[in-house]
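The values are calculated or read from the model by the stated rules, or taken from the named source; none is laboratory data. Treat the numbers as computed from the prediction; the structure is a model and nothing was measured. Quick reminder, even Gly has a Cβ in these numbers, built from the backbone with ideal geometry, and neighbours come from all protein chains shown. Surface accessibility is based on the protein's heavy atoms, side chains included, excluding ligands, DNA and RNA. Shrake-Rupley method; radii C 1.70, N 1.55, O 1.52, S 1.80 Å.
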Amino acid sequence: MIETVARTEVREAVRTDAAAGPIPGGPTAAGASPLAPLTDAGLEVPVLGGATVRHVNLDVAASAPALQSVAAHVARVLPYYSSVHRGSGYPSQAATALVEDARVSVARHVGARDGDLVVFTRNTTEALNLLATAVPGEVVVLDIEHHANLLPWRDRRVVVARPSIAETLVALEAELASRPAALLSVTGASNVTGEVLPLADLARIAHAHGARIAVDAAQLLPHRRVDLAASDLDYLAFSGHKAYAPFGAGALIGRGDWLDTAPPFLAGGGAVENVAIEQVEWKTGSDRHEAGTPNVVGIAALARALVELERLGDAEREAHEAGLTARLHDGLASLPGVRVIRGFEDATDRLAIATVELDHGSVGLLAAALGAEHGISVRAGRFCAHPFFDRVSSRSNGLRASLGAGSTIDDVDRFVAALAQLVVDGPAFEYARSPEGWCPVADDRPRVSFD
């Protein structure tokens, strides 16, 4: 059972705040309605005790449901699914066009320069592992990075972020000035705090000291437009599954010279010009690192998702999420015993992400109860950013709520009210710890079946 604040006046204050209804803002506030319909819109899920409620998805930072328009596009292209690049039939030519048109769409969306390569991968992690094989020297990173941008680099120098972004930029510049580095690789936005880094400033610092810059945009790109040319970035990596595109595709975009001289990421068909028993002539360009049959459907979904995000409008997306972000943080600030984790005291821009820790009790148990009793999906843990989380948190795990294009004010209000009730009263049902985490001792929810 989650430990609670014992004082009656605090307990009653939280109940009063939760019962008072939505945080001020009104039905016309940004975020009152979804910005775009997602495939999970209106999804009903069972909760303990036999009831069914509308699902609230506050775990979109891990994987976002597909946009309905993306799902419709996939349905249209599936009849043409075929092998690409060497087939003579019409479906094969259509599939090839899907992949190559997607390459153009991705390049346009991220402001790629003439000559930049777009290499399709499974996800951001694979994209950064690919880049790691091509970097001709040491790599400087911050300690705030997701493991995908911390672990792949073989010659890694880690700079511990300072209390402010301004001080962190100074520390990075000092590190780059201390001895040469080939690459500075940074996150565009923290997956723990949602805090956005100043990419153009980071690029200027890297280039002033002879280094290139790569950006892990897995979190940033689904929420904000990233422009390689405008921000003078050299490489960008991102995942479709966080940008409302299913089927597991990602991309690495950037300068071709390092990638053309690196060993092929996969050795196999499609990456070669000619093969003899004793010698292989490898291709250059994107093909060099895309051996084997590509994920045609995933690539098509990824490209269409970017087109749909453009149609929603950059300003409209920011306004929608700004309203939800403010409401989320205001609501969390009203709860006793709950602290929102921050990395930088001077961060003025953040995505619709909030990670909290509790003064008492288990966030894993709380996350399980939010799902099982309230139909609200969140995430508990250290979010594949262990060094950063361990430095900024006083507890072993945190609870993260993350929102996106399908989120609404009602989602935020339901979460804050449920969190308030759980912090004060604890779960209404009994849970036990298992290797998979906290689970209800008696779970009467039917198991989902797709048969």
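Structural remarks
- Rolled with a 1.4 Å probe across the full set of protein chains, the surface gives D40 an accessible area near 40 Å².
- When the residues T52, T96, T168 are ordered by accessible surface, computed with a 1.4 Å probe over the protein chains alone, the sequence from largest down reads T52, T96, T168.
- About the Cα centre, charge dipole magnitude for the chain (Lys/Arg +1, Asp/Glu -1 at Cβ), debye: 260 debye
- Applying the Karplus relation 6.51 cos²θ - 1.76 cosθ + 1.60 with θ = phi - 60° to segment 367-373 yields 3J(HN,Hα) values of 4, 4, 5, 4, x, 6, 9 Hz, where x marks Gly and Pro.
- Per-residue ellipticity at 222 nm computed for the chain from its helices equals -11000 deg cm²/dmol, with DSSP H segments shorter than 4 residues left out and the rest contributing -39,500 (n - 2.57).
- L78 accessible area, 1.4 Å probe, all protein chains in place, Å² to nearest 10: 90 Å²
- Sulfur and carbon atoms: percent of accessible area, segment 35-142 [1.4 Å]: 55 percent
- Using 0.36 nm per residue and subtracting the Cα-Cα separation, the extra length available between S334 and A319 on full extension is 3.1 nm.
- Segment 161-301, accessible surface, carbon-and-sulfur percent (1.4 angstrom probe): 53 percent
- Volume of the Cα convex hull of the chain, divided per residue and given in Å³: 164 Å³
- Placing E145, E290, E316, E436 in order of accessible area, with the largest value first and a 1.4 Å probe, yields E436, E316, E290, E145.
- Rounded to the nearest 20 debye, the dipole magnitude of segment 225-283 is 380 debye, with +1 charges on Lys and Arg beta carbons, -1 on Asp and Glu beta carbons, and the Cα centre as origin.
- Computed lengthening from R391 to Y90, 0.36 nm per intervening residue step minus Cα-Cα distance: 102.8 nm
- Alpha-carbon centroid distance for the pair segment 163-232 / segment 392-449, whole angstrom: 33 Å
- Computed over segment 325-423, Cα set: Rg, Dmax in Å: 12.8, 37
- Cα shape, segment 147-264, gyration tensor, a/c 1.5 rule: oblate
- Between the Cα long axis of helix 314-333 and the first principal axis of the chain there is an angle of about 40°, rounded to the nearest 10.
- Residue order by solvent-accessible surface for V74, V280 is V280, V74, largest first, with ligands and nucleic acids left out and a 1.4 Å probe.
- Test item: Cα-centred dipole of segment 131-265, Lys/Arg +1 and Asp/Glu -1 on Cβ, debye: 180 debye
- Sparse packing (at most 10 other Cβ atoms within 10 Å of the Cβ) combined with a DSSP loop state is found for the following trypsin sites (Lys or Arg not before Pro) in segment 125-234: R154.
- Segment 230-300 shape via C-alpha gyration tensor axes, a/c threshold 1.5: oblate
- In the context of the full set of protein chains, residues of the chain present 43 Å² of accessible surface per residue (probe radius 1.4 Å, heavy atoms only).
- In the chain, taking the dipole from charged Cβ atoms about the Cα centre, the farthest positive-side position among Q93, G398, S178 is held by Q93.
- Gyration tensor (alpha-carbon) shape descriptor, segment 191-325, a/c threshold 1.5: oblate
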